[in-house]
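A.B. asks: I am attaching a structure below and will ask some questions about it afterwards.
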Amino acid sequence: NGAESISTMLSSVDWNDQQLSELQAVVEPIDFKEGYLRASCGERATFLDSLDQFPLGPLRNAATRDALQYFRESVESFRRPWLKTIECHQEIAQKIKNDSKTTIGRYTHIAIDLIFPASENFAVSGARTQCRQQYLLAAICLQRHRLRHGKFPKSLQQIDVDLLPAGKSTNGFMDHFT
């Protein structure tokens, strides 16, 4: 992935402060959660179109209603912190499993069972991606500190504030899984 490639290059390429500052300015504003939210909405449209192809007969309305409810919960979860998003997707997966146990649920959830198991992985992937972004930004700040002071700081808290992404403190470099 791109963040890993750049992280590898940080230690092997002789970047100057201007180049690192420009790289930081490009990486910092990327909003992965918004991208995942938009992708989820696109998945909903594709899924509903595909649902029309399943021979569900009179159960189509129930399947569509249930799918829209699951998608609504999924989309709303992307407005929460990543850990809550992942937990919400686990809950959705459990609801689908429970709803699929009934006779009618087995028929109405055929298509739903195919697409929603991936949604939990989708949320975990989004959290990982944002973590990589934060770690990359921390690595860029560390390299810029090294260029300015001739050595790496002993802790992130020693990084000069003007080297940090706009409006962030070193507490902004956190693990989104904790």
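The values are calculated or read from the model by the stated rules, or taken from the named source; none is laboratory data. In this text the structure is predicted, and so the values were computed from the model without any measurement. All Cβ positions, glycine included, derive from the backbone under ideal geometry; neighbour counts span all protein chains shown. To get the accessible areas, we keep the full protein, side chains included, count just its heavy atoms, and leave off ligands, DNA and RNA. Shrake-Rupley method; radii C 1.70, N 1.55, O 1.52, S 1.80 Å.
A.B. asks: Across region 51-94, which residue is most open to solvent (accessible area, probe 1.4 Å) among those that are farther than 15 Å from Tyr107 by Cα and of a type in the set (Gly, Ala, Ser)? Can you show your working first?
C.D. replies: Applying the first criterion (farther than 15 Å from Tyr107 by Cα) to region 51-94 yields 68-94.
Still in the running and of a type in the set (Gly, Ala, Ser): 74, 77, 93.
Details: Ser74: 4, Ser77: 0, Ala93: 39 Å².
So, considering only residues that are farther than 15 Å from Tyr107 by Cα and of a type in the set (Gly, Ala, Ser), the one most open to solvent (accessible area, probe 1.4 Å) is Ala93.
A.B. asks: Quick one: Trp82 ticks every box in (1) closer than 20 Å to Tyr36 by Cβ; (2) free of Cβ contacts under 8 Å to residues at least 40 places away in the same chain; (3) of a type in the set (A, V, I, L, M, F, W, C); (4) touching a Lys or Arg at 6+ places or on another chain (Cβ under 8 Å) except a single one, so which number is it?
C.D. replies: Looking at each condition in turn, Trp82 falls short on (2).
A.B. asks: Another one. Could you tell me which numbered condition Asp14 fails, if it satisfies all but one of (1) part of a helix (DSSP H, G or I); (2) farther than 22 Å from Gln90 by Cα?
C.D. replies: (1)
A.B. asks: Tally the residues that are closer than 21 Å to Thr8 by Cα, open to solvent by less than 40 Å² (accessible area, probe 1.4 Å) and hydroxyl-bearing (Ser, Thr, Tyr), restricting the search to region 113-140.
C.D. replies: Of the residues in region 113-140, 1 are closer than 21 Å to Thr8 by Cα, open to solvent by less than 40 Å² (accessible area, probe 1.4 Å) and hydroxyl-bearing (Ser, Thr, Tyr).
A.B. asks: Still on this structure: In region 11-29, what residues are buried (at least 16 other Cβ atoms within 10 Å of the Cβ) and either aliphatic (A, V, I, L, M) or at positive phi (or both)?
C.D. replies: Within region 11-29, Leu20, Leu23, Val27 meet the criteria.
A.B. asks: Confirm whether Leu48 is more than 30 Å from His145 (Cα to Cα) and open to solvent by less than 60 Å² (accessible area, probe 1.4 Å).
C.D. replies: Values: more than 30 Å from His145 (Cα to Cα): yes; open to solvent by less than 60 Å² (accessible area, probe 1.4 Å): yes.
So Leu48 fits the description; yes.
A.B. asks: When the residues of region 141-163 are filtered to those that are open to solvent by 70 Å² or more (accessible area, probe 1.4 Å) and charged (D, E, K, R), which remaining residue is farthest from Ser11 (Cα to Cα)?
C.D. replies: Asp162
A.B. asks: Here's something else I'd like to know. What are the residues in region 96-112 that are surrounded by 15 or more Cβ atoms within 10 Å (Cβ to Cβ) and either under 18 Å from the mean Cα position of the chain (by Cα) or assigned to a helix (DSSP H, G or I) (or both), if any? Give the steps one after another, and end with the answer.
C.D. replies: As a first pass, look at region 96-112 and keep what is surrounded by 15 or more Cβ atoms within 10 Å (Cβ to Cβ): 96, 99-100, 105, 107-112.
Matches in region 96-112: Ile96, Asp99, Gly105, Tyr107, Thr108, Ile110, Ala111, Ile112.
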